[in-house]
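Remarks on the structure that follows.
The values are calculated or read from the model by the stated rules, or taken from the named source; none is laboratory data. What you see is a predicted model, and the numbers here were worked out from it, not measured in a lab. Neighbour counts are summed over all protein chains in view; Cβ atoms, including those assigned to glycine, are modelled from backbone coordinates with ideal geometry. Each accessible area value is taken on the protein alone, full model and side chains, heavy atoms only, with ligands, DNA and RNA left out. Shrake-Rupley method; radii C 1.70, N 1.55, O 1.52, S 1.80 Å.
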Amino acid sequence: MDDNCIFCKIVAGQIPCHKLYEDGRVLAFLDVGPLSPGHTLVIPKHHAVTLDDLPDEDAAAIGAALPKLVKAVKSATGTQACNVLQNNGEIAGQVVMHVHFHIIPKPAADAQADAGAAGTGLGIGWPAGKLDDATAGELVKKITVALD
Ligand code: AMP
Ligand code: ZN
């Protein structure tokens, strides 16, 4: 537990949340600033700032909980699509420095028109570049070495 971390305080019950799911390692609750109805946060109970700092057991528990929660959130909100988002580091958009996955339902186009203040889900800018073979070769070498 990090005493200055808002999500650790939620895990400890010191701050309330709209709880959706809990097991020994994972907690899920509604985001208080939803991008669409049903916007859910899934967090490890263990404090880690970024995903690469998360112990294997907690990562496995999150991995097992996510599909169940995606299924339930889609079913409950009547949406066919959603984005699962996980920001690591301030310049990648992370505001709360405790690992969390967002499940953000994406209402269908006709429902988006009526959404009003409820939100229409995640807006995505995807400024794709082009991967050339030389760069790909270099990256494969570096990343596979880093995996060892
Ligand atoms: P991120 O930008 O990925 O760090 O997202 C942090 C998210 O946490 C935002 O979507 C906030 O609305 C949400 N959030 C912050 N404080 C709380 C809280 N006490 N309960 C629920 N959600 C929160
Ligand atoms: Zn924390």
Just a yes or no: is a residue in the stretch 23-45 more than 16 Å from ligand 2 (Cβ to nearest atom), basic (Lys, Arg) and modelled with pLDDT of 95 or more?
-> no
Taking the stretch 48-76 and keeping residues under 22 Å from Cys8 (Cβ atoms) and among the aliphatic types (A, V, I, L, M) leaves Ala48, Val49, Leu51, Leu54, Ala59, Ala60, Ala61, Ile62, Ala64, Ala65, Leu66, Leu69
For the stretch 59-101 the number of residues that are open to solvent by less than 50 Å² (accessible area, probe 1.4 Å), within 16 Å of ligand 2 (Cβ to nearest atom) and not hydrophobic (A, V, I, L, M, F, W, C) is 6
Here the residues within the stretch 18-53 that are more than 26 Å from Gln80 (Cα to Cα) and hydrophobic (A, V, I, L, M, F, W, C) are Ala48, Val49, Leu51
When restricted to Ile104, Ile91, the only residue at pLDDT 95 or above and touching a Gly at 6+ places or on another chain (Cβ under 6 Å) is Ile104
Residue hits (the stretch 22-58; open to solvent by 60 Å² or more (accessible area, probe 1.4 Å) and either in contact with a helix residue (DSSP H, G or I) (Cβ under 6 Å, 6 or more places away or on another chain) or within 14 Å of ligand 1 (Cβ to nearest atom) (or both)) are Arg25, Leu30, Val32, Pro34, Leu35, Pro37, His46, Leu51
All conditions in (1) away from ligand 2 (no atom under 12 Å from the Cβ); (2) open to solvent by less than 60 Å² (accessible area, probe 1.4 Å) are true of Ile10 except (1)
